[in-house]
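J.: Handing you a structure now.
The values are calculated or read from the model by the stated rules, or taken from the named source; none is laboratory data. Since the model is a prediction, treat every value here as computed from it, not as a measurement. Reconstructed Cβ throughout: ideal geometry from the backbone, glycine too, with neighbour counts over all protein chains shown. Areas reflect the complete protein model, heavy atoms only, side chains present, ligands, DNA and RNA absent. Shrake-Rupley method; radii C 1.70, N 1.55, O 1.52, S 1.80 Å.
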Amino acid sequence: MPASPRPEPSASPQGTSAPRVNLYDTWWTVAAAAVAVSLGLWACAWISLHVRVDATLHTAALFVHLASLVLGFGAVLSADYQALLWLTGRCTLRDALNAANRLHVPIWAGLAGLVASGVLLNPDLGSLLTRVKLGLVLALTLNGLQAGLLGRRMAGQQTATVGRRLLGWATGTALVSQVCWWGAVVIGFRNSQR
């Protein structure tokens, strides 16, 4: 009989690994991610002050920026639509949460694309509107991190009904998300007109 390509698992204590810590396990992991993301956004703003972009690269970055907006914000609107379907009794909580979970990748990919391409769009960091937009992007990102923890808590519900506390948390999260996304879009449009 040929040897198995996979080694047998070890029964010794050295063979067991420590439990894996996930991003949305606790507020501590979310807070650590928030610090890392905040530093990353600060670094992107600093880089934008020091990078020189020619017209061709600027045009390509603008295309990526707009495509990332469609991807990320479109996914957010879709997730919020699923939440509205649940609130109106047109789908189950499980269906709404599953749909939102499937949209995490396009939401985060869109946001990452917006930040990365925004570095190459020569933002005027001396402008109050631009600084407000950067604040909205930071708030949006932090809101997205805590939304992941919220999603885990809601998924852990044993019943189909959600308590007032979780429902209030979810409503606040959705409102902050919409204000930040729409605010950044409006400011981006205004800045593009200059």
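J.: Sum up the charges of everything whose Cβ sits under 15 Å from the Cβ of HIS104, counting Lys and Arg as +1 and Asp and Glu as -1, but leave HIS104 out. All intermediate terms of the calculation are to be shown ahead of the outcome.
T.: Details: positive: ARG102, ARG152; negative: ASP80.
Summing Lys and Arg as +1 and Asp and Glu as -1 gives +1.
J.: Could you tell me the calculated FRET efficiency between ILE47 and ASP124, based on Cβ-Cβ distance and R0 = 22 angstrom, to the nearest 0.05?
T.: Details: r = 15 Å, r/R0 = 0.68.
Efficiency computed from Cβ-Cβ geometry: 0.90.
J.: Which length gain, in nm to one decimal place, applies between HIS58 and ARG90 when the Cα-Cα distance is subtracted from 0.36 nm times their residue separation?
T.: On the way: separation 32, 0.36 × 32 = 11.52 nm, distance 4.42 nm.
Between HIS58 and ARG90, full extension yields 7.1 nm more.
J.: Per residue, what accessible area does the chain have, given a 1.4 Å probe and all protein chains present, in Å²? Let's see the in-between values first.
T.: Working: 12620 Å² over 194 residues.
Spelled out: the 1.4 Å probe surface of the chain, per residue, equals 65 Å².
J.: Compute the relative contact order of the chain as a whole-number percentage, counting only Cα pairs closer than 8 Å that sit 6 or more residues apart in sequence. Could the numbers behind the result be given before it?
T.: Numbers: 142 pairs, mean separation 50.6, N = 194.
Relative CO of the chain lands at 26 percent.
J.: Along Cα→Cβ, 7 Å out, is where each label goes; now give me the distance between the ones at THR29 and ASP80 in nm to one decimal.
T.: So the label points at THR29 and ASP80 sit 2.8 nm apart.
J.: Here's something else I'd like to know. If each DSSP helix of 4+ residues adds -39,500 (n - 2.57) and the sum is divided by the residues in the chain, what number results at 222 nm, nearest 500 deg cm²/dmol?
T.: Details: 6 runs with 140 residues, N = 194.
Value at 222 nm, helices only: -25500 deg cm²/dmol.
J.: Would you mind calculating the gained length between ALA67 and ARG102 on full extension (0.36 nm times residue separation, minus the Cα-Cα distance), in nm to one decimal? It would help to have the intermediate numbers written out before the result.
T.: On the way: separation 35, 0.36 × 35 = 12.60 nm, distance 1.92 nm.
Separation in residues times 0.36 nm, less the Cα-Cα distance, equals 10.7 nm.
J.: What are the extents of the Cα atoms of the chain along their three principal axes, in Å, largest first?
T.: Per principal axis, max minus min of the Cα coordinates gives 69, 50, 33 Å.
J.: List the DSSP H helices in the chain whose Cα atoms stretch 15 Å or more along the helix axis and whose mean Kyte-Doolittle hydropathy is at least -1.0. Walk me through the numbers on the way to the answer.
T.: Values: long enough: 27-50 (34 Å, 1.42); 55-87 (47 Å, 1.38); 104-119 (23 Å, 1.40); 128-155 (40 Å, 0.94); 164-192 (41 Å, 0.54).
The answer, listed by residue number, is 27-50, 55-87, 104-119, 128-155, 164-192.
J.: Still on this structure, I have one more. Would you mind pulling out the separation of the Cα centroids of segment 116-153 and segment 23-49, in Å?
T.: 11 Å
J.: Related question: Taking the Cβ of MET154 as the centre, find all other residues whose Cβ is under 14 Å away and add up their charges (Lys, Arg: +1; Asp, Glu: -1). Mind showing how you got there, number by number?
T.: Values: positive: ARG94, ARG152, ARG153, ARG164, ARG165; negative: ASP95.
Net local charge, MET154 excluded: +4.
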